[in-house]
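Below is one structure, written out as structure tokens; comments come after it.
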Amino acid sequence: MAVQTPIKHFLQFSDFTRDEFEYVIERAAVIKRKFKAYEVYHPLVDRTLVMVFEKSSTRTRLSFEAGMHQLGGAAIYLNTRDSQLGRGEPVEDAGQVMSRMCDIIMVRTFGQDIIERFAAHSRVPVINGLTNEHHPCQVLADVFTFHEHRGSIAGKTVAWIGDANNMLYSWLQAAEVFGFHLNVSTPKGYDIDPAMVKTSNYTVFENPSDACAGAHLVNTDVWTSMGYEKENAERLKAFDGFMVDGAKMARAAPDALFMHCLPAHRGEEVAAEVIDGPQSVVWDEAENRLHVQKALIEYLLLGRIEDK
């Protein structure tokens, strides 16, 4: 039996409580087990997910589209270039119209304000598939992956090596929710914006190697994110010495994991010996986008499920 809940969005990691995340993680494990056992599970028959893309994608589109079909529902892909949004239709109007024709919406766009405005005019749940400021679905998958391999992330130390991007800001919110500590090392000029942080569960290190010391998880991302391609040459110089290599991983805890949200550039932000090495769980991490998002969609549409 499902317990209905009021309309709820997932626009940034702090939108959910720890109790809600623990439930979603538990459900993700159940749904993943069903998937691996080829057990048909269709709780969302006749439900429709609309996916709105303003930024290119591989993992986000595949995981949401395949996931919705696997739950028995349908998924519709919309690119802003091919819709009225690309011709200047107000975001607020799009939220009104789309939410009258479907059951749940995922948006992958640029500014966080765009998705906030869209959700404010939506009659159905809205999920953040990525914005410039936040990437909550990816961090949810990362926390679930850590849980699978090492148990609870509460009380652990996570190292972030790279710029203060959407991944880092979602990790900072996750640290506050789950009660773990974040070691952060960013190049000069690419550091944290204090206005975007509401937690004290982090320490900034000038030396990226020092940030890895004792960490249970080492995490990085590409040096040039989508939308910043013109800065690529400048960033390559600024990030010199920030590649996560074997020496940095050696300073982490003996059983430390390595994660990367992908796509990765071997020889830039991560050495091949690390991403392709025994401590890397990036392929589990990528796959788990599918399972946690299925659990997330189920929760947003049906509330808590007792089925095991």
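The values are calculated or read from the model by the stated rules, or taken from the named source; none is laboratory data. Please read all numbers here as calculations on a predicted model, not as lab measurements. Virtual Cβ from ideal backbone geometry, glycine too; neighbours counted across all protein chains shown. Just so you know, the surface numbers come from the protein's heavy atoms only, side chains and all, with ligands and any DNA or RNA stripped out. Shrake-Rupley method; radii C 1.70, N 1.55, O 1.52, S 1.80 Å.
Here is how the numbers come out for the structure above:
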| read-out | value |
| --- | --- |
| Residue in the stretch 191-201 that is nearest to Ala175 (Cα to Cα), counting only those that are modelled with pLDDT of 95 or more and open to solvent by less than 60 Å² (accessible area, probe 1.4 Å) | Asn201 |
| Residue selected from the stretch 175-197 under the condition over 19 Å from the mean Cα position of the chain (by Cα) and of a type outside the set (Gly, Ala, Ser), by the criterion nearest to Ala252 (Cα to Cα) | Thr186 |
| Qualifying position, being modelled with pLDDT under 95 and either crowded, with 20+ Cβ neighbours inside 10 Å or closer than 28 Å to Arg61 by Cβ (or both), among Ile305, Ile297, Ile275 | Ile305 |
| Index of the failed condition, Val107 passing every other in (1) more than 21 Å from Glu54 (Cβ to Cβ); (2) among the β-branched types (Val, Ile, Thr); (3) open to solvent by less than 30 Å² (accessible area, probe 1.4 Å); (4) assigned to a strand (DSSP E or B) | (1) |
| Test: residue in the stretch 160-175 that is closer than 30 Å to Val204 by Cα, open to solvent by 50 Å² or more (accessible area, probe 1.4 Å), part of a helix (DSSP H, G or I) and not basic (Lys, Arg) | no |
| Qualifying positions in the stretch 25-80 - open to solvent by less than 30 Å² (accessible area, probe 1.4 Å), in a strand (DSSP E or B) and farther than 17 Å from Val107 by Cβ | none |
| Residue match in the stretch 111-134 (condition: in contact (Cβ under 8 Å) with a residue 24 or more places away in the chain, on the phi > 0 side of the Ramachandran plot and loosely packed, with under 15 Cβ neighbours inside 10 Å) | no |
| Lone qualifier among Ala264, Ala250 - being open to solvent by 20 Å² or more (accessible area, probe 1.4 Å), among the small types (Gly, Ala, Ser) and without any contact (Cβ under 8 Å) to a residue 24 or more places away in the chain | Ala250 |
| Single condition Ala256 does not satisfy, out of (1) touching a residue at least 12 places away in the same chain (Cβ under 8 Å); (2) open to solvent by 20 Å² or more (accessible area, probe 1.4 Å) | (2) |
| Ser14 vs. criteria at pLDDT below 95 and over 25 Å from Glu306 (Cβ atoms) | no |
